[in-house]
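> So that we are looking at the same thing, I have put the structure below in structure tokens.
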Amino acid sequence: TWERSELPRRGIQSIEEESEDESEILEESPCGRWQKRREEVNQRNVPGIDNAYLAMDTEEGVEVVWNEVMFSERKNFKLQEEKVKAVFDNLIQLEHLNIVKFHKYWADVKENRARVIFITEYMSSGSLKQFLKKTKKNHKTMNEKAWKRWCTQILSALSYLHSCEPPIIHGNLTCDTIFIQHNGLIKIGSVAPDTINNHVKTCREEQKSLHFFAPEYGAVANVTTAVDIYSFGMCALEMAVLEIQSNGDSSYVSQEAINSAIQSLEDPLQREFIQKCLEVDPSKRPTAKELLFHQALFEVPLLKLLAAHCIVSHQRESKRARAHTRTHARTHSFFCSRLSQFPALELDKFLEDVR
């Protein structure tokens, strides 16, 4: 009887001890604000990032992620130090709804090693990859509306990164580095710029992620933003079919499996959209902004589009509000609509897109 009553207590005690071990503070940032814990987080399995731990922001009282990039040799870091700092300075300035926030970074250089530590927003809701696995249990394909919403949000983030000066290449875009919140908001994270990818201790050795990287990786000295478009295309394909079948027992995804997944798509526009992203020649791939206006994602009734072009054209001649006419579908009579009748924010965004 004593042993039976003690077993649950011992189990609870063991869990509590394990929890205490995970919350143990291993290290602090130089400023003392960020405290690294023992507990690792799911975001750690991404190329370019060697370790990722849960950490505490002692000023805001929220959990964050402590990311570590280990350089293979101290001299490699010294050669790249200024370039690395410039890239991370840019990353900290990023402000976009669909990009995981960068808070702080610093370098830790010892005699025998060098590492860059950077603090990012913690995404507790899980990766898109995890969400797709759950969805696959009950569905064969992804709902088209959800697919469009996800693609639009990811492309919006990529367009923002690529429009920076100089352009920021994400370099790590896979379904493991895209996060989905409970309200459907998508955020891309784990940006490990190509500046550091070529010098880090960890290489892209994981077979399961190799198919996300463009063919020109490793073949050319300087890659362009087109590598992100290729990776996005692979993400868009995986989002549509929920899973691209790997090669038997191996986690390697072959070109044959990719082609088979593309051909399984019923919507020809969706097929064409993905094929454009996966062009072998990087110069033939569309930009993120161009993809946002592809018919697979962006569809506007012709009359609405013509009216918008008319407004934009007239605004160039005069700042005065002008009316545009349209034909009523049933009576074919003309009636007048004024700019003031439309929601300002919605109209402004649409007209900006048309411009």
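The values are calculated or read from the model by the stated rules, or taken from the named source; none is laboratory data. Predicted model only: the values in this text are computed from it and were never measured. A quick note on method: Cβ atoms are made from the backbone with ideal geometry, for glycine too, and the neighbour counts reach across all protein chains shown.
> Which members of the stretch 235-262 meet the condition of being over 22 Å from K145 (Cβ atoms) and either surrounded by 18 or more Cβ atoms within 10 Å (Cβ to Cβ) or at pLDDT 95 or above (or both)?
V253, I258
> List pairs: first in the stretch 136-150 and farther than 15 Å from E299 by Cα, second at pLDDT below 90 and part of a helix (DSSP H, G or I), Cβ under 8 Å, 6+ apart or cross-chain?
If the second residue must be at pLDDT below 90 and part of a helix (DSSP H, G or I), the pairs left are M142/T135.
> Say whether the condition of being more than 26 Å from T225 (Cβ to Cβ) and either without any contact (Cβ under 8 Å) to a residue 24 or more places away in the chain or in the same structural domain as L242 (by TED's automatic domain parsing) (or both) is met by at least one residue in the stretch 98-117.
Within the stretch 98-117, one or more residues are more than 26 Å from T225 (Cβ to Cβ) and either without any contact (Cβ under 8 Å) to a residue 24 or more places away in the chain or in the same structural domain as L242 (by TED's automatic domain parsing) (or both).
> Continuing with this model, one more query. Would you confirm whether any residue within the stretch 183-200 is at pLDDT 85 or above and crowded, with 21+ Cβ neighbours inside 10 Å?
Checking the stretch 183-200: at least one residue is at pLDDT 85 or above and crowded, with 21+ Cβ neighbours inside 10 Å.
> Right, something else. Scanning the stretch 113-133 for residues that are out of contact with any Asp or Glu (no Cβ under 9 Å at 6 or more places or on another chain) and part of a loop (DSSP other than H, G, I, E, B), which turns out modelled with the lowest pLDDT?
S125
> Same structure, new question: Does F273 qualify as being modelled with pLDDT of 95 or more and not basic (K, R)?
yes
> Same structure again: Taking K136 and the conditions (1) under 26 Å from D267 (Cα atoms); (2) buried (at least 16 other Cβ atoms within 10 Å of the Cβ), which numbered condition does it fall short on, given that it satisfies the others?
For K136, the failing item is (2).
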